[in-house]
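Peer 1: Below is a structure I'd like to ask you about.
Laboratory data are not the source of any read-out in this text; all were calculated from the coordinates shown. This structure is a prediction, so every number in the text was calculated from the model and none was measured. As a convention, Cβ positions derive from the backbone with ideal geometry for all residues, glycine included, and neighbour counts pool all protein chains shown.
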Amino acid sequence: MIAILVLLVLVVIIAGWVVGIYNGLVRLRNQSENAWSQIDVQLRRRHDLIPNLVETVKGYAGHEKETLENVIKARARAVEASGVENQARAEMDLTGALGRLMLVVEQYPDLKANQNFLNLQEELTSTENRIGYSRQAYNDSVMQYNTRTQSFPSNIIAGMFQFIRREFFEIKDSAAREVPKVQF
Amino acid sequence: MWEAIRGNIRRSRLLIGLMGAILVGQGALIGLWLVGPEGGLVGALGAVVLWLVMLAIVFLAGEQVVLFSAGARQITKQDAPRLWNCVEEMTIASGLGKMPRVYVIDGFQKNAFATGRKPENACVAVTSGLIRTLNRDELQGVIAHEIGHIRNLDIRFLTLASVTVGAIVLLSDMTRRSLWLGGGRRRSYKGGGQAQMAILAVTLLVGILAPICARIIYLACSRKREYLADASAARFTRFPEGLASALEKISLTTGAAVQAGVPRTLAPMFIVNPLQARLGSQGMFSTHPSTRERVRILRAMGGNAGWVDYERAFRRVVGKGKACIDSVTIESEKSVTARLPTAEPEPRQEALGRAREVGDLLDRMVHLLLIPCPCGVRIKVPQGLKRDSIPCPRCGRDHEVPKARSSAAGESAPGTGPLRYRRRSEGWESFRCACGRTLQLSPGLRVNSITCRKCRRTIELTAA
């Protein structure tokens, strides 16, 4: 009788422990998935900003056609791109095109004094920052998740319930790995 | 990454438990003394009820009371886009589920704080003076520090702990007051006189010591939390220098005179204690570590921004103890490289530079002596200063006031004979003549000697 009771208690304790670890793993996995979707949200935010920016710049610097068109094209490519690798490359191109546009803008003091443009500029800076920070947050959460799936004793539970390692967000080209920065 | 706060939570529970024990013990003692042996339990229960009531009031009234007494008003994105964006960016970087509400306190002071019961309904409040003076990276550092407080559950701890300390103080007050009035039924109580005297003595002793102990525990912990929030900020922004220079800017104007509007009870919540006198001060009763030390730790991180790097820098600067970061985190993490500063929008910088130039020109016209300090500050030496050296108000370096010296070794009578001055640079320069008059040298000056306008002595100039 006592033996059964002791066994029962042991089983309950172990079950509770397993549930705890399992829940922890699920939480971490959700956290990293959430962080991943956050990157997407921010990239889309940048896409949404660009038409407005282009319109504003056109009003003051209409004859910088080539630069403006480059930005529009790069945006279109980025919107259509699929797959992590392709998307990362397209976004990188977009960052470059935006950088060149901002360089051109330097020559138009009237545009730089325009309140609407200043607001857009702030939004763009912030969006670039957000893209960088959401990547950073994703990588941080992946690292935490991976560490948990690999270290004892949670690796046993992770193996049993198929918690697979996640990949870091890394762009092969070293230039794009830094937080993209638009120089104003 | 949030293992970093596991130790924090454990420590908080321990501390709150400890304070709770003090509180309950105190209640029991008062019960024993007032009612008799059977009163111990009643007293303990009474203390718990008091604590619960106070807690309920604080939690129901919530952060609104704090925000109201600080004079904060909630803003939307249109009111301060840069601030709003910084908060959103840091929300993303910290992985906080929901963006905190943003408040602004109007006024010239420079400070910020976070409050709220839990991370989901937290608030960040920033003074408008701060928004005006900080650049983007600095503002981001400050916001990251506040979000660090939210993420590390410091705001909840601070609320709980301050309620507990408050209850202990209240009980002690009651004890002392009832003693004063001759207290309770102790004369009618027929017990051993000696035992009663002992209880009385202990009650009195606890009544005096408990609030002090509770407060010291609370403050020591609150200081540790500032370090942890600094480390979090460095990690979120990947840019420790932003927070470091923001702290410097904030502490330059803190001190009683400037921050007069801040209620005393709110002081521990701010990023830099508004009531603490100056950069260096820190004692057993201060709520914040000294700002100078915090800045030095952040700058000692050497181009890195991880938990490990903060811990290392902390050891190097403070020399002892730990920065409150969980050891599991430290072991499992590598150091993280910091990013580069954000390029500031040009126009503001240009305007500032021009304003500064004009200011300098005016200063020269009224014979102010300017000494450039390597930390970026231009020290203005007033005309009548008697001392030969002046400390930099920002970094504390001592600067010798440049002065023309007598060229002849053995001068017969002071106030006569030629003087000599060795130039330090090719640009604008000012120095003091032996008579005390400040002389200016312009960048275009090519002569070998000038005459002091006051004492008419010749001063020989040698090139740098």
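Peer 1: For a 21 Å ceiling on Cα separation, which of these pairs sit above it: B:Lys380/B:Lys403; A:Lys65/A:Lys112; B:Lys386/B:Lys454; A:Lys112/B:Lys249; A:Lys58/B:Lys77; B:Lys77/B:Lys118? Numbers along the way, then the final one.
Peer 2: Working: B:Lys380/B:Lys403 15 Å; A:Lys65/A:Lys112 18 Å; B:Lys386/B:Lys454 17 Å; A:Lys112/B:Lys249 28 Å; A:Lys58/B:Lys77 26 Å; B:Lys77/B:Lys118 23 Å.
Result: A:Lys112/B:Lys249; A:Lys58/B:Lys77; B:Lys77/B:Lys118 exceed 21 Å.
Peer 1: Something else about it: Using the Cα centre as the reference, give the magnitude of the dipole from point charges on the C-beta atoms of chain A (Lys, Arg: +1; Asp, Glu: -1; all else neutral), rounded to the nearest 20 debye. If you can, show how the numbers build up before the last one.
Peer 2: Numbers: 21 positive and 21 negative charges, 110 e Å.
The calculation lands at about 520 debye.
Peer 1: In peptide A:129-138, how many Cβ atoms from other protein chains are near each Cβ within 10 Å, on average? Please report the intermediate quantities before stating the final value.
Peer 2: On the way: counts 11, 7, 1, 5, 12, 4, 2, 9, 8, 2.
Mean partner-chain Cβ count within 10 Å for A:129-138: 6.
Peer 1: Shielding by partners for A:117-128, please: the mean number of other protein chain Cβ atoms within 10 Å of each residue's Cβ.
Peer 2: Working: counts 0, 3, 2, 0, 1, 6, 3, 0, 7, 8, 3, 2.
That average works out to 3.
Peer 1: What are the trypsin sites (Lys or Arg not before Pro) within region A:66-137 that DSSP puts in a loop, where the Cβ has at most 13 other Cβ atoms within 10 Å?
Peer 2: Numbers: sites: A:Lys73, A:Arg75, A:Arg77, A:Arg89, A:Arg100, A:Lys112, A:Arg130, A:Arg135; in loops: none.
Taking region A:66-137 and a limit of 13 other Cβ atoms within 10 Å, no loop trypsin sites (Lys or Arg not before Pro) are found.
Peer 1: Let me ask something else. Order of B:Lys224, A:Lys65 from fewest to most other C-beta atoms within 10 Å? Please report the intermediate quantities before stating the final value.
Peer 2: Values: B:Lys224 19, A:Lys65 10.
Placing the least packed residue first, the sequence is A:Lys65, B:Lys224.
Peer 1: Follow-up question, since we're still on this one. Restricting to DSSP loop positions (anything but H, G, I, E, B) with no more than 16 other Cβ atoms inside 10 Å of their own Cβ, which chymotrypsin sites (Phe, Trp or Tyr not before Pro) remain in region B:419-464? Don't skip to the answer; put the middle values down first.
Peer 2: Values: sites: B:Tyr421, B:Trp428, B:Phe431; in loops: B:Trp428.
Qualifying residues, ordered by number: B:Trp428.
Peer 1: With Cβ to Cβ distances under 14 Å as the rule, what net charge do the other residues near B:Arg117 carry (K, R +1; D, E -1)? Please report the intermediate quantities before stating the final value.
Peer 2: On the way: positive: B:Lys98, B:Arg101, B:Lys118, B:Arg156; negative: B:Glu63, B:Glu120, B:Asp154.
Neighbourhood net charge equals +1.
Peer 1: What's the FRET efficiency of B:Asn448 with B:Gln383 using the Cβ-Cβ distance as r and R₀ = 35 Å, to the nearest 0.05? Please list the in-between numbers first.
Peer 2: Details: r = 27 Å, r/R0 = 0.76.
Efficiency computed from Cβ-Cβ geometry: 0.85.
Peer 1: Return the tail of the calculated pair distribution for region B:203-251, meaning the percent of Cα-Cα pairs more than 14 Å apart. Display every interim value, and only then the final one.
Peer 2: On the way: 773 of 1176 pairs.
Beyond 14 Å sits 66 percent of the P(r) for region B:203-251.
Peer 1: OK, next. What list do you get for B:Cys123, B:Cys435 if you sort them by fewest beta carbons within 10 Å?
Peer 2: Values: B:Cys123 22, B:Cys435 14.
By the 10 Å Cβ count, ascending, the order reads B:Cys435, B:Cys123.
Peer 1: Is region B:50-105 best put as rounded, prolate or oblate by its Cα gyration tensor, with a ≥ b ≥ c the root eigenvalues, rounded for a/c under 1.5, and otherwise prolate when a/b is larger than b/c, oblate when not? If you can, show how the numbers build up before the last one.
Peer 2: On the way: a/c = 4.25, a/b = 1.75, b/c = 2.43.
Here region B:50-105 falls in the oblate category.
Peer 1: From other protein chains only, count the Cβ atoms within 10 Å of every residue's Cβ in B:81-88, then give the mean.
Peer 2: Mean partner-chain Cβ count within 10 Å for B:81-88: 3.
Peer 1: Using Cβ counts within 10 Å as a stand-in for footprinting exposure, how do B:Tyr218, A:Tyr108, A:Tyr133 rank, fewest first? Kindly include the intermediate steps, with their values, before the conclusion.
Peer 2: On the way: B:Tyr218 22, A:Tyr108 15, A:Tyr133 26.
In order of increasing Cβ crowding within 10 Å: A:Tyr108, B:Tyr218, A:Tyr133.
Peer 1: With each label point set 7 Å from Cα along the Cα-Cβ vector, what nm distance links B:Val42 and A:Asn23?
Peer 2: It works out to 4.2 nm between the two label points.
Peer 1: Further, regarding this structure: What trypsin sites (Lys or Arg not before Pro) in region B:58-147 are in a loop by DSSP, with at most 14 other Cβ atoms within 10 Å of the Cβ?
Peer 2: Values: sites: B:Arg73, B:Lys77, B:Arg82, B:Lys98, B:Arg101, B:Lys110, B:Arg117, B:Arg132, B:Arg136; in loops: B:Lys77, B:Lys98, B:Lys110, B:Arg117.
For trypsin sites (Lys or Arg not before Pro) across region B:58-147 that sit outside H, G, I, E and B with at most 14 neighbouring Cβ atoms in 10 Å, the list reads B:Lys77, B:Lys98.
Peer 1: To the nearest 500 deg cm²/dmol, what mean residue ellipticity at 222 nm is calculated for chain A from DSSP H runs of n ≥ 4 alone, each contributing -39,500 (n - 2.57), summed and divided by the residues?
Peer 2: -28000 deg cm²/dmol
Peer 1: While we're here: Can you classify region B:59-151 as rounded, prolate or oblate using the Cα gyration tensor, where a ≥ b ≥ c are the square roots of its eigenvalues, rounded means a/c under 1.5, and otherwise it's prolate if a/b beats b/c and oblate if not? List each step's numbers first, then the result.
Peer 2: Details: a/c = 1.73, a/b = 1.09, b/c = 1.59.
Oblate is the answer for region B:59-151, as a/c is 1.5 or above yet b/c matches or exceeds a/b.
Peer 1: Rounded if a/c is under 1.5, else prolate if a/b beats b/c, else oblate: with a ≥ b ≥ c from the C-alpha gyration tensor eigenvalues square-rooted, which is region A:31-184? Please report the intermediate quantities before stating the final value.
Peer 2: Working: a/c = 3.29, a/b = 2.71, b/c = 1.21.
Judged from the Cα gyration tensor, region A:31-184 comes out prolate (a/c at least 1.5, a/b above b/c).
Peer 1: Would you mind telling me which residue in A:Ile164, A:Ile13, A:Ile156 has the biggest mean-square fluctuation in a Gaussian network model of chain A, where springs connect alpha carbons within a distance under 10 angstrom?
Peer 2: A:Ile13
Peer 1: Shifting gears a bit: Which residue fluctuates the most in chain A, going by a Gaussian network model with Cα springs under 10 Å, if the choices are A:Val11, A:Val41, A:Val142?
Peer 2: A:Val11
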